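Structure below; questions to follow.
Nothing in this text is a laboratory measurement; each read-out follows from the coordinates by a stated rule. Remember, predicted model here, so these are calculated numbers, not experimental data. Neighbour counts are summed over all protein chains in view; Cβ atoms, including those assigned to glycine, are modelled from backbone coordinates with ideal geometry.
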Amino acid sequence: MAEPQTQEAPLTAFSVAAGETQSIAVSADGAKIEAMVRSGFDVYVKPKPKPAPVAASSSGGGGGGGGSAAPPRYSGGGSKQDWMTAAGIAQSDWGYVDYIVSRESGWNPNATNPSSGACGLVQALPCSKVPGNGYNPVDNLRWGNGYATGRYGSWAAAYDFWTRNHWW
C-alpha cells in the first residue's frame with residue numbers, strides 16, 4: 001500500500017494573518033501578501049467651531065425682516081392684566097399664567113435666557129417662534145396661550161406640569 005501524500009494548504013491572506021496574528025496588506029492586482037508594521041499613529045480631530053453669541057441690541061433698530069438682528073426690546077407700558085386681556089387669555093386662567101410667568105421672567109418683557117436665547121414673558125424658545133415680536137408682552141403671551149393650550153390642553157395643566165418639573 002502506498003502512503004497518501006500530504007499536501008500543504010495554499011498560502012492565503014487568512015492563513016498568513018492567522019499564523020502571524022498581525023495586520024496584513026493585500027494588493028488586488030498582483031495578490032501580493034505582506035505583513036504591515038505599525039509603530040503607532042496620530043489622530044487629529046478638528047473641533048467644531050463655537051458659534052459666536054448673538055448680542056441683543058438694546059436700541060430699537062431690528063425689525064421683523066427675518067435677518068439676524070434681534071427684535072426690538074419692549075419699551076411700552078401696561079400692566080400684566082392689560083397684557084393678558086389683549087392676548088385673549090381668559091381671566092379664569094390669569095392665576096396660572098401669573099404663576100408661570102412670574103417664575104419664567106418675573107414679568108419682564110425683555111427677559112432673555114443667556115444660555116438658550118429664550119425670550120419674553122413666557123420664555124419662548126426660540127424667540128423667532130413668536131409672531132410679531134418676542135419681546136412684545138402681548139405677542140409673547142398670545143403665543144404662550146397657544147403653546148399652553150396646544151401642548152398641555154389648558155393653562156391649568158401647564159401649571160401642573162410646571163409645578164412638577166420647574167419648566168414647561
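Report the full-extension gain for the segment LYS50 to THR85: residue separation times 0.36 nm, less the Cα-Cα distance, to one decimal in nm.
Values: separation 35, 0.36 × 35 = 12.60 nm, distance 4.18 nm.
Stretched fully, the LYS50-THR85 segment lengthens by 8.4 nm.
Another question, if that's okay. Quick one: which residues, 5+ away or cross-chain, put their amide H under 5 Å from the amide H of ALA124? H built at 1.01 Å from N.
Answer set, sorted by chain and number: CYS119.
Extending each Cα 7 Å along its Cβ direction at ASN113 and SER75, get the distance between those two points in nm, one decimal.
The modelled label-to-label distance comes out at 2.8 nm.
Working out 0.36 nm times the residue gap between TYR99 and ALA156, then minus their Cα-Cα distance, what length gain in nm do you get to one decimal? Can you show the working numbers first?
Numbers: separation 57, 0.36 × 57 = 20.52 nm, distance 1.05 nm.
Contour length minus the Cα-Cα distance gives 19.5 nm.
Among the chymotrypsin sites (Phe, Trp or Tyr not before Pro) in segment 130-167, which ones are in a DSSP loop with at most 16 other Cβ atoms within 10 Å of the Cβ? Mind listing them?
Details: sites: TYR135, TRP143, TYR147, TYR152, TRP155, TYR159, PHE161, TRP162, TRP167; in loops: TYR135, TRP167.
Passing sites in segment 130-167 are TRP167.
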